[in-house]
Amino acid sequence: MNAFAGDLAGRVAEPVRPSRVEAFIAANSFDRPTLVLDTDVVAANYRALAAGLGAARIHYAVKANPAPEILARLVAEGAAFDAASRGEIELCLSQGARAEDISFGNTVKRAVDIAFAHQAGVRLFAADAAEELEKIARHAPGAQVYIRLIVTASEADWPLSRKFGCTPDMALDLMDQARLLGLVPVGLSFHVGSQTRRAAMWGATLDEMAQVWHRAQAAGHRLTLLNIGGGFPAFYGEAVEAPTAYATEVMQMVRARFGAVPRVMAEPGRGLVAEAGAIAAEVLLTSRKSEDDLHRWVYLDIGKFSGLAETIDEAIRYQFLTPRDGEQTGPCILAGPSCDSADVLYEKRPVQLPLSLASGDRIVIRNAGAYTSSYASVGFNGFPPLDVVVL
Ligand SMILES: Cc1ncc(COP(=O)(O)O)c(C=O)c1O
């Protein structure tokens, strides 16, 4: 099935197709849901984004997919890393990353993890609260910190607002406090929201952020670092701009608002790894709830608790390939295998699937390399976590 619409040529990112991945899936059988990854695609996406980002350094957001092979490949490509925990820092170090290339970007950190990071040589930490700065000052004295701002204007499919960041006034206070605590407040960060499909959607957020940046400078802070976070999109069937053009446009918008910033960093996760993977899954059951039910229910061997957490609120809509593509389709409610009624993937907007689809059929979930394996529970209902194969 060709998922790319020709009339969108020029606007649609032609993702580096995970054809090796889909060929591998077609040629093999799997005894449980399996994510197959191609690190060549990760490297190609890294180069494409880096080309558009120019001098901005890429810190790969490890949480998107912590497969050691991906980290090793990105180390070889020259990437830096954004880690959320001690575990992710250790993983990066184990794959050859240098401590000075790792930023500790979670604003909610364990004190002992801060101490570990500091002792390991990590020098850059995120914060959005006074208590967090105190923890950093105590356990990583003299560290560089950047203050994360709340994003109010996200147009992303998976927004990261509310829980993270602080208001502009608070950010200025925190920079003062950081200085008093002996830390080095180097700059600001934000996250425009994950899967921000078009670069133009960054405009309102960048306007807000630039205002704070200029206020902090006027207040006497020598800012050297702007962390523009992630948000770089992947192809899930809806038009997205190609990575280099997208990143180029974002950087033009950054320059127009912030002027010359000594150090810009970006933290792409999804944009690097989503298109590098596909999941081999299986249909376990098809049914209707009554004779006159308009919808078919299709139950898969993978669900919200085994890798497809981003279907919460039907936010991320994956594309599916089946052996029966081309046959007549109908609206299907798609659900996972667990005994939890929350384990329904798409119901508000049912998925069009072949009506002949039946138990035992293979179903491939395309472009599923981001936020899947790392989201799978270890054994909910006794189902094993999503298996990972790296080609
Ligand atoms: C701090 C931080 N940076 C970067 C990312 C990666 O975002 P994305 O996958 O949208 O590129 C995330 C995602 O949650 C994040 O929390």
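The values are calculated or read from the model by the stated rules, or taken from the named source; none is laboratory data. No experiment lies behind these values; they were computed from the predicted model shown. No Cβ is skipped: glycine too gets one built from the backbone with ideal geometry, and neighbour counts run over all protein chains shown. These accessible areas exclude ligands, DNA and RNA; they are computed on the full protein's heavy atoms, side chains included. Shrake-Rupley method; radii C 1.70, N 1.55, O 1.52, S 1.80 Å.
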*What is the set of long-range amide H partners of A278 at a cut-off below 5 Å, with H atoms built 1.01 Å from backbone N?*
V36, A368
*Net charge near F380, counting Lys/Arg +1 and Asp/Glu -1 over other residues with Cβ under 14 Å of its Cβ?*
-1
_Rounded to the nearest 5, what % of DSSP beta bridges with both residues in the range 275-390 are antiparallel?_
75
*Run through all the Cα pairs of the range 275-390 and give the fraction in each 5 Å bin from 0, expressed as whole percent.*
2, 12, 22, 27, 20, 11, 4, 1, 0
*Assign unit charges at the C-beta atoms only (+1 for Lys and Arg, -1 for Asp and Glu), then state the dipole size of the range 275-390 relative to its Cα centre in Debye, rounded to the nearest 20.*
100
*From the backbone phi of the range 235-243, what are the Karplus-calculated ³J(HN,Hα) couplings (6.51 cos²θ - 1.76 cosθ + 1.60, θ = phi - 60°) in whole Hz, Gly and Pro given as x?*
8, 10, x, 9, 4, 9, 6, 5, x
*Quick one: length gained pulling A342 to S287 fully straight, 0.36 nm per residue minus the C-alpha distance?*
18.0 nm
*asked:* Quick check: the angle from helix 39-53's long axis to the longest principal axis of the chain, C-alpha only, nearest 10 degrees?
replied: 40
_Packing rank of 77-87, 345-355, where each peptide gets the mean count of other beta carbons within 10 Å, highest leading_ = 77-87, 345-355
*Could you tell me what percent of the accessible area of the chain is made up of carbon and sulfur, with a 1.4 Å probe and every protein chain present?*
52
*Determine the percent antiparallel among the DSSP beta bridges restricted to the range 41-272, to the nearest 5.*
5
*For Y346, list long-range residues whose amide hydrogen, built 1.01 Å from N in the peptide plane, is under 5 Å from its own amide hydrogen.*
L334
*Treating cross-link reach as a plain straight distance, find the lysines whose alpha-carbon is under 24 Å from the alpha-carbon of K348, omitting any fewer than eight places away in the same chain.*
K289, K304
*DSSP beta bridges in the chain, what fraction antiparallel, as a percent rounded to 5?*
40
*Does the range 118-190 come out rounded, prolate or oblate, given a ≥ b ≥ c as the square roots of the eigenvalues of its C-alpha gyration tensor, rounded meaning a/c under 1.5 and, failing that, prolate meaning a/b above b/c?*
prolate
_On Cα atoms only, tilt of 111-120 relative to the major axis of the chain in degrees_ = 80
_the range 139-220 - charge dipole about Cα centre, Lys and Arg +1 at Cβ, Asp and Glu -1, debye rounded to 20_ = 180
*Please give the calculated 222 nm ellipticity per residue for the chain, where each DSSP H segment of at least 4 residues contributes -39500 (n - 2.57) and the sum is spread over every residue; nearest 500 deg cm²/dmol?*
-8500 deg cm²/dmol
_Leaving out ligands and nucleic acids, and using a 1.4 Å probe, what accessible area per residue does the chain come to in Å²?_
41
*Take the alpha carbon atoms of the range 238-275, find their center, do the same for the range 39-116, and report the distance between the two centers in whole angstrom.*
17
*Relative contact order for the chain: what is it in percent, counting Cα pairs under 8 Å that are at least 6 residues apart?*
21
*Which percent of Cα pairs goes in each bin when the distances of the chain are cut into 20 angstrom slices starting at zero?*
28, 54, 17, 1
_Ranking request for peptides 284-294, 106-116: highest mean number of other beta-carbon atoms within 10 Å first, then the rest in descending order._
106-116, 284-294
_For Q144, what residues show an amide H to amide H distance below 5 Å, using hydrogens built from the backbone and excluding near sequence neighbours?_
F125, V184
*By how many degrees, 0 to 90 and rounded to 10, does the Cα axis of helix 130-139 deviate from the longest principal axis of the chain?*
80
*Evaluate the Debye formula for the range 41-272 with equal point scatterers sitting on the alpha carbons, no solvent, and hand back log10 of I(q)/I(0) at q = 0.09 Å⁻¹, in q order, two decimals.*
-0.33
*Each residue of the range 148-157 in order: what ³J(HN,Hα) in whole Hz does its phi give by Karplus 6.51 cos²θ - 1.76 cosθ + 1.60, θ = phi - 60°, with x for Gly and Pro?*
8, 9, 5, 9, 9, 10, 5, 10, 6, 6
*Size of charge dipole - the chain - debye, nearest 20, with Cβ of Lys, Arg +1 and Asp, Glu -1, no other charges*: 960
*So, counting K/R as plus one and D/E as minus one, what does the shell of residues with Cβ under 9 Å around E155 add up to?*
+1
*Using a 1.4 angstrom probe and counting only protein chains, how large is the accessible area of R215 in Å², to 10?*
100
